[in-house]
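The values are calculated or read from the model by the stated rules, or taken from the named source; none is laboratory data. What you see is a predicted model, and the numbers here were worked out from it, not measured in a lab. Because the Cβ atoms are built from the backbone with ideal geometry, glycine has one as well, and the counts that use them run over all protein chains shown. With ligands, DNA and RNA removed, areas are computed over all heavy atoms of the protein, side chains included. Shrake-Rupley method; radii C 1.70, N 1.55, O 1.52, S 1.80 Å.
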2 protein chains.
Amino acid sequence: MRIPILKLKQYLLISIQVELDDQTALQFQEDLLNKIHEEESIGVVIDLTSVDMIDSFIAKVLGDVVDMSNMMGARVVLTGIQPSVAITLIDMGIKLEEVPTALDLEQGLAKLQMELEV
Amino acid sequence: MRIPILKLKQYLLISIQVELDDQTALQFQEDLLNKIHEEESIGVVIDLTSVDMIDSFIAKVLGDVVDMSNMMGARVVLTGIQPSVAITLIDMGIKLEEVPTALDLEQGLAKLQMELEV
């Protein structure tokens with residue numbers, strides 16, 4: 001089971017609409033980094049609208065993928081974080097402080113464009 | 001197994017990156033029509049870049065979903081049709097004559113915007 005990664009201009013769009021088990025999350029991490037490399041993407045939006053539960057392992061994988069992407073030169077915006085996910089993350093002490101977030105895919109793309117123009 | 005449908009402004013973006021079995025195709029048909037209704041979308045891009053094989057049943061389901069979406073008021077563009085898929089479709093006598101197509105997601109979106117502005 002792989003999570004589809006859409007390419008739109010220099011951006012990659014991902015909407016996670018399955019329950020993320022550990023294996024799927026790690027596969028996604030690998031796929032995304034490869035895709036950034038292949039497509040020379042400068043920005044990534046990961047939409048979590050359909051994710052209503054997250055555990056500490058998945059949270060770590062997501063945090064890592066943001067750091068890894070940034071290291072490769074692609075800015076990542078997380079969008080659509082549900083209340084339940086936000087509660088879980090804060091309860092786990094994960095603040096995603098340095099990760100830009102936005103309400104939905106559209107605003108995420110707008111945020112990327114704004115950040116990358118600076 | 002459901003195919004993720006991304007919403008971007010008034011458009012829906014779908015990238016089919018799994019092998020479409022009959023059940024998945026029918027589920028996709030239903031999901032897409034429901035999503036068009038919910039989101040009041042005016043345009044849909046279905047990207048087939050990762051599909052390298054298609055059979056007559058899947059071709060029919062795709063053709064139907066285009067007609068159904070049009071009937072509901074959403075214009076559909078198919079993008080990224082692979083050579084092997086084009087060959088199979090023509091061999092099966094399916095010409096997709098009235099379906100706008102484009103090379104990739106980006107050009108598909110551009111085509112939609114152009115058509116819908118007329």
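Figures for the structure shown
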| item | result |
| --- | --- |
| Sum of -39500 (n - 2.57) over DSSP H runs of 4+, divided by residues of chain B (222 nm, nearest 500) | -15500 deg cm²/dmol |
| Members of the stretch A:1-34 that become less accessible by 50 Å² or more once partner protein chains are added (1.4 angstrom probe, chain alone as reference) | A:Pro4, A:Leu6, A:Leu8, A:Gln17 |
| Nearest-first distances (nm) between copies at B:Ile87, label 7 Å from Cα via Cβ | 5.5 |
| Nonlocal Lys pairs with alpha-carbon distance under 18 Å, the stretch B:6-117 (8 or more apart, or different chains) | 5 |
| Extreme residue, positive dipole direction of chain A, given options A:Val66, A:Leu109, A:Thr79 (C-beta unit charges) | A:Leu109 |
| Accessible area of chain B belonging to carbon and sulfur atoms, whole % at 1.4 Å probe | 51 |
| Sites matching GluC sites (Glu not before Pro) across the stretch B:59-118 that sit in DSSP coil, with at most 15 neighbouring C-beta atoms within 10 Å | B:Glu97, B:Glu98 |
| Amide H contacts of A:Lys9 (H built 1.01 Å from N, under 5 Å, at least 5 apart or other chain) | B:Glu106 |
| Å² of accessible area per residue within the protein assembly as shown, as computed with a 1.4 Å probe and no ligands counted | 53 |
| Per-q log10 I(q)/I(0), the stretch B:12-118, q = 0.10, 0.16, 0.23, 0.24 Å⁻¹ (Debye; single scatterer per alpha-carbon; no solvent) | -0.25, -0.66, -1.42, -1.54 |
| Net dipole in debye of the stretch A:6-117 [+1 Lys, Arg Cβ; -1 Asp, Glu Cβ; about Cα centre; nearest 20] | 260 |
| Solvent-accessible area buried by pairing A with B, both sides, nearest 100 square angstrom, 1.4 angstrom probe | 1300 |
| Label geometry 7 Å along the beta-carbon vector: B:Asp31 inter-copy distances in nm | 1.2 |
| Label-point separation in nm, B:Asp22 to A:Asp104, each point 7 Å along Cα→Cβ | 3.6 |
| Virtual spin-label span in nm between A:Asp67 and B:Ser84, 7 Å along Cα→Cβ | 3.9 |
| Virtual spin-label span in nm between B:Met53 and B:Glu115, 7 Å along Cα→Cβ | 2.9 |
